[in-house]
1. Please work out the ratio of the alpha-carbon Rg of the range 303-359 to 2.2 N^0.38 Å and round it to two decimals.
2. Using only the heavy atoms of the protein chains and a 1.4 Å probe, how would W66, W209 rank by accessible area, largest first?
3. Using only Cα atoms and rounding to the nearest 10 degrees, what angle (0 to 90) does helix 249-265 make with the longest principal axis of the chain?
4. By how many degrees, between 0 and 90 and to the nearest 10, does the Cα long axis of helix 123-135 differ from the longest principal axis of the chain?
5. Just to make sure I understand: if all protein chains stay in place, what is the order of K102, K56 by accessible area at 1.4 Å, largest first?
6. For the Cα atoms of the chain, what angle does the longest principal axis make with the long axis of helix 9-22, in degrees from 0 to 90, nearest 10?
7. Could you tell me what % of all Cα pairs in the range 347-416 have separations over 13 Å?
8. From the phi angles alone, apply the Karplus equation (6.51, -1.76, 1.60; θ = phi - 60°) to the range 84-91 and give each ³J(HN,Hα) in whole Hz, x where the residue is Gly or Pro.
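The values are calculated or read from the model by the stated rules, or taken from the named source; none is laboratory data. What you are looking at is a predicted structure, and each value in this text was computed from that prediction instead of being measured. Here the Cβ is made from the backbone with ideal geometry for all residues, glycine too, and neighbour counts use every protein chain on show. Heads up: the accessible areas ignore ligands, DNA and RNA and are worked out on the full protein's heavy atoms, side chains in. Shrake-Rupley method; radii C 1.70, N 1.55, O 1.52, S 1.80 Å.
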Amino acid sequence: MSSPDSLSEEERGVLESVVRDHGTPTFVYFTDRIAAQIDALRRAFAGRFLVSYAMKCNPNPAVLKWMSAQVEGLDVSSRGELLAGLSSGWAPERISFTGPAKQRVDLEVAVRSGAGEVVLESLREARLLDEVAQELGTRQRVLIRISPSAVPKGFGSNMSGKATQFGVDEEELLDVLDQMAQLQHLSIVGFHAYSGTQCLKADAIAENWLNFMRLFEMASEHLDIVPERLVFGSGLGIRYHEGDSAVDLDAVAQRVLPEAARLTSLNRFSQTQLLLETGRFLVGEAGIYLARVVHTKVSRGRRVVVLDGGMNHHLGAAGHLGMVIHRPYRMQVLTKPSQSPSEPQDLYGPLCTTIDTLGKGVALARLDEGDVLAVHASGAYGPSSSPSRFISHPRAQEFMVVRSDRGAVVMPTTVD
């Protein structure tokens, strides 16, 4: 397996065969790379944390089914994701249902399915779920999502420390806990926090997790409960751009593990499961997006390259998933030797809008008509996060590559 910055000869050969047999635009997911990320988490944190996959980043059915044998939990954020998880073979008790806009029908499906936990985002949601559980004659397991009052600097997107739709604000937490505890058809089995994403700074990640532990300990003591599980929204980022440095997991662990050991040494938490909820970190660098050059031209002194895919398949690579200043993803030309001289080129997708731009002045081997561009770090927030129906170009194909006795095997995937 290669590093995320390059393709091994085997991977390059696989991608070339996919292009030859199936064409472009195409996403290819290498399970070896996903497995390496999972192993890195388990090694760094010495098995202290279990792993939960946040499927919103990549709900591809084949990936979802493969992942069920690799990690302990599945985080879903809609009724549709819940049903997709169940149909992909995930046992309902391994699934947690988050999301700020759950309606009665969502909660009814969750309860009827036997979902492991519903993650409560508000008192209103708790009361509605209590009614649903009462009507269905059961007691639903729940986690309460806490929104911290502050988030360390360094996260690409903050979901706490400001007015937010997510979770119960730390400032009013104890009062809300008291009211939730009165609901007779809910069983509070733990807590959840996810306050920021796409962070590459070990100190910021560690500080965030330590703050979660403080809040989890405070909330558990206030309710005088023995929590079964505490879910840490990991916030672990990946390298999208040239010059990015990978998260130093060992540095995070050095700060976090002593406090995690202290917490679980307490009687209240001695049997508590600690889960890292993560998605992008697991699958992001496992995916490669392939797009073919349709034509090139020189426009007002700049070399312009138009591809058969862009924003409609890969919104993030076009800079529209929270990026303030668009920086191109790491790319290489699949159909040119890796040592080819580079030159600046402006890369555009096929849509009739100026915002369908994969990069301007990107230094790459000279792209000519028919060449294929490989975009790295494309395994998360790709097809399902992009406006695929805008202008009605064909949807991107998706393939998963798994290891077998015969070597790398390319598996077509089915996407509705």
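1. Numbers: Rg = 11.9 Å, N = 57, 2.2 N^0.38 = 10.2 Å.
Ratio of Cα Rg to 2.2 N^0.38 Å: 1.16.
2. Details: W66 55, W209 0 Å².
The ranking, largest first, comes out as W66, W209.
3. Between helix and principal axis, roughly 10 degrees.
4. 70 degrees
5. Numbers: K102 5, K56 75 Å².
Descending accessible area places them as K56, K102.
6. Approximately 80 degrees, to the nearest 10.
7. Numbers: 1882 of 2415 pairs.
Result: 78 percent of Cα pairs exceed 13 Å.
8. 5, x, 4, 6, 8, x, 6, 5
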